Amino acid sequence: MKKLLAFTLILVLCLSVVLVACNDKDDNNVKKLTAPADQLEAAKNAFEKTYTTDLIPEETDVDFTVPKAVPYGGLYSFPITWTVSDSRITIDKHSDTEVLVNIPEESKDEIKYTLTATITADDGTTATVEFERTVPEFKLYDYEGYVNAAKNATVNIDGIITAILPKDNGASNSGFYMNTVDKDGKPNGGVYVYNPKASTSDLRIGMTVRAAGKKDVYNGTHELINARRFTILDSTIKTVEPVDYTEAFKNAKDLSDAALTDKQSMLVTIKGVDIRDVGTDETYHYFSLDGKKTYVRISSSSCPLTTAEQETFAQTFAANKGSKADVTGIVTIFSGNFYLTPATVNVFTNITKVDYTAEQKVDRAIKDLSIETLVERNCEVTLADKSDLHEDVTI
């Protein structure tokens, strides 16, 4: 089923039309309201200023609705007749207040067309507003193409959903993550679909979908933004196995190593990590392995976990500080460095409490210790007086 692109302002226009209609009647008290010709040009100008590319984008790759009338001055309603210059695009009645512009899905060719609004006054005088628009040629991207796509390029890409952001649970934006696969069906990087225009209510973790949106990069993270269409390619719920990143993490020279950062937004697992401390703002939950330390972040704005799940995660983390575990999450990049976003509440699994001898604790604390190795100016350098790996070890 095609998704309709709903515009907030259209709702305002529709409400205005309804209000006019309520007063458009003949009785002893209310005079029938008309659309006078002397107000036509002003109505046209107001309409033209209102309909920016935010309401009808330059590239129209999905169906959209437009109003049947122009309300003006709170008194008049000028009817609109819509026409289009290309027969591959059709216009149908959608409701009493809107018409639907049908856009061909996955067009093999770029279509440049003119959408014309003819506004009519009560004496038959007309004024027109034209919108020059384009239906982009359909192109299906793989992961590498998505990463290399230019900013604002229209990208169509397939993947299996690994996490969904529950905006109705307090997050400031909605969206989801999905794993792409290569020609052999193996995971090949992920896609972060950020703040889509189309509804995500029909989507479920494990579905295979095609998303259409604009390419963007935010602080090093590749994103698909303002997605206006989702096509469910396979509604079967598949179990997405995370990619084992244990050796990649162990062998990486640091958190910016390409072995960790090249496959963004992909679901991965790292085995045998140490559960560490919580950051001062309680959103950073640290873990380490072989001398490298990073974190799982519970973002206040873009977290796939519900509020209840976040509380469960935090309690589990605190109760198992110092334990060994496997950690699973979505590869996320901030300022070039690797960390994980939780996909589900079961972030840490196979948790094992380890009883270390005093000698082992001291040895682990020494290996874990790091200080600045280069100081270029007079300053204070804070040295740790306690190990955050083992609280009973002082330094």
Within the stretch 159-210, tally of residues that are among the small types (Gly, Ala, Ser) and part of a strand (DSSP E or B): 5
Flag if GLY272 is among the small types (Gly, Ala, Ser), in a strand (DSSP E or B), modelled with pLDDT of 95 or more and surrounded by fewer than 18 Cβ atoms within 10 Å (Cβ to Cβ): yes
Within the stretch 52-109, can you find the residues that are within 26 Å of ALA42 (Cβ to Cβ), acidic (Asp, Glu) and over 30 Å from the mean Cα position of the chain (by Cα)? ASP96
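Would you mind stating whether THR221 is closer than 17 Å to SER302 by Cα and among the polar types (S, T, N, Q)? Let's see the steps before the verdict.
On the way: closer than 17 Å to SER302 by Cα: yes; among the polar types (S, T, N, Q): yes.
Answer is yes for this residue.
So which of ARG88, ARG133 is basic (Lys, Arg) and assigned to a loop (DSSP other than H, G, I, E, B)? Don't jump to the end; show me each part of the working.
Numbers: ARG133 fails: assigned to a loop (DSSP other than H, G, I, E, B).
Going through ARG88, ARG133 in turn, the sole match is ARG88.
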Taking the condition open to solvent by 10 Å² or more (accessible area, probe 1.4 Å), assigned to a loop (DSSP other than H, G, I, E, B) and either under 30 Å from ASP63 (Cβ atoms) or touching a residue at least 60 places away in the same chain (Cβ under 8 Å) (or both), does VAL240 pass? yes
Could you check how many residues of the stretch 136-192 are over 12 Å from ILE330 (Cβ atoms), open to solvent by less than 20 Å² (accessible area, probe 1.4 Å), modelled with pLDDT of 95 or more and β-branched (Val, Ile, Thr)? 2
So in the stretch 337-395, with the set limited to residues that are more than 21 Å from LYS321 (Cβ to Cβ) and aliphatic (A, V, I, L, M), which one is modelled with the highest pLDDT? ALA343
Under the condition of being in contact with a helix residue (DSSP H, G or I) (Cβ under 9 Å, 6 or more places away or on another chain) and part of a strand (DSSP E or B), which residue from the stretch 243-269 is most open to solvent (accessible area, probe 1.4 Å)? THR269
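The values are calculated or read from the model by the stated rules, or taken from the named source; none is laboratory data. The structure presented is a predicted model; accordingly, all values stated were derived computationally and were not measured. Neighbour counts are summed over all protein chains in view; Cβ atoms, including those assigned to glycine, are modelled from backbone coordinates with ideal geometry. For the accessible areas, the whole protein counts, side chains as well, though only heavy atoms, and no ligand, DNA or RNA atoms are used. Shrake-Rupley method; radii C 1.70, N 1.55, O 1.52, S 1.80 Å.
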